[in-house]
Amino acid sequence: MAKQMALAGFMLSGPVVHSHAVWRHPQTHSHFLDPDYYIEIAKTLEEGYFDLLFFADRLAVGDQAGQSRARSFELGAQDAARLDPLPILSLLAGHTKHIGLGLTRSTTYYQPPHVARAIASLDHISRGRSAWNIVTSMNDSEARLFGHAQHLAHDQRYARADEFVELVLKLWNSWQPDALVLDKVRGILADPSKIDAFKHSGTYFDCEGPLNIPRVPQGQPVLIQAGASGRGRQFGSRWAEVIFSINSRVERMLEFRQDIHQQMRAIGRDPADCKILTAVMPFIGGTEAEALKKRDEHNALANPELGVITLSTQSNFDFTQFPLDTRLLDIARHSATPDVIAQKLRLERDITLGEYGAIMAASIRVPQLAGTAESVAQQLIDWLELGACDGYVVSPAYLPGTFTEFTESVVPILQRRGYLRSAYEHPTLRGHLGLKSFN
Ligand SMILES: Cc1cc2nc3c(=O)[nH]c(=O)nc-3n(C[C@H](O)[C@H](O)[C@H](O)COP(=O)(O)O)c2cc1C
């Protein structure tokens, strides 16, 4: 039997996804404030037997781009407008039956009981389809929205995240599976001897349990993570059951997966307990030329200035202070540029900031796969067979078109060749992904 390919549909509840052109693409015929937009997307992905529909999230409009917060709003930067994904997923739980429903919650700006309650509730109302993407957040604008002058330092964020996850798991585990009795005749709701009123006292959090939510259908909602740094990978190896990554070259994908597997083994985890999904943005045409045309037309709508704003938000550094024709190597040499950013820029090709901005605006470096359905399916199969990943995060260029085209043309090929299910076989997301059970 062929390996099974895990598939996640990647979304943001705003006008822009990895592609900064989504909202203005002629084939995007609705928009992010319309609930029907999300319902159509979720149903399309479910028709394509995707494992998961995932919503990324950030909490604040970035202002790392100098004075250009106004430009962020004007042009539609990644963080300029966004709904909270939780109510969207709650809506989608009622309009779908099988597909997993995942969202991001930050360990830096929430408290563990907020996240434990929200995701546990989603798991109940979706009958076991929830997932939490654990992020530590990115920049000072998020800090200021929550009343802090500055974002916590990188490694401190991850130390807090470790304790945060420990505590969320304690809260989810505070009800044993049979603690909820619901005996109408005797008038007994729950068995208190099976509910753990634990006390947690740690470096970042003090908390007295239990949660007031009975144990969830999955026992434990699926934990996702997407850290890229050394510390981020260490964190992912410890906790994650799904890891998202963006790598443009297959050698980097292989290195990433091998590194995660090695770190998992070193702490006694089985690598099979974590699925590594790498992001791709497909453009599918009847011929290669038609697909390339679609890609080029899309990329022409992605404004390089927006890409530079996203770069600034992600690096917590103002790249807009440099004209677009500045070479990256000159930015690396500039006295205002922090060492860690300079080091990364030196690894880039010798291009200008504007050229880099164009790449960021088109896909934030998610590889764009332009081809016929056959050639796109073959590429996905090749990377899977090579051991570069366990599946894919499919990132849209227009909505719901990217997902519709993928579902109608690539999915049947994957099914025919045995890489994708032809019916959902399990009730839970954990089951779809072949992850271990917690009940
Ligand atoms: C596919 C994918 C999805 C991500 N989703 C989010 C998100 O929703 N919110 C967020 O703040 N960061 C998100 N990130 C960023 C990561 O959580 C992480 O901060 C980033 O990769 C930098 O890694 P590091 O913190 O280990 O340096 C995502 C990254 C990837 C690759």
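The numbers here are math on the coordinates, done by the rules we state, and not lab data. No experiment lies behind these values; they were computed from the predicted model shown. FYI the Cβ positions are ideal-geometry reconstructions off the backbone, even for glycines, and counts take in every protein chain you see.
At-a-glance table
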quantity	calculated
Where a residue in region 406-418 is of a type outside the set (D, E, K, R) and its partner, wherever it lies, is surrounded by fewer than 15 Cβ atoms within 10 Å (Cβ to Cβ), with Cβ under 8 Å and at least six apart	407/47; 413/374; 415/422; 418/1; 418/2
Single residue of 80, 149, 118, 159 found to be under 30 Å from residue 305 (Cβ atoms) and within 16 Å of the ligand (Cβ to nearest atom)	80
Residue match in region 134-141 (condition: small (Gly, Ala, Ser), within 14 Å of the ligand (Cβ to nearest atom), under 19 Å from the mean Cα position of the chain (by Cα) and surrounded by 15 or more Cβ atoms within 10 Å (Cβ to Cβ))	yes
Candidate set from region 219-256 (those that are more than 19 Å from residue 366 (Cβ to Cβ) and outside any helix (DSSP H, G or I)); member that is farthest from the ligand (Cβ to nearest atom)	219
Matching option when the condition is within 30 Å of residue 158 (Cβ to Cβ) and more than 16 Å from the ligand (Cβ to nearest atom), among 68, 30, 106	68
Pair list, Cβ under 6 Å, 6 or more apart: region 334-351 residue assigned to a helix (DSSP H, G or I), other residue surrounded by 14 or more Cβ atoms within 10 Å (Cβ to Cβ)	341/315; 341/317; 342/332; 345/328; 345/331; 345/332; 346/332
Test: residue in region 358-372 that is surrounded by fewer than 18 Cβ atoms within 10 Å (Cβ to Cβ) and not in a loop (DSSP other than H, G, I, E, B)	no
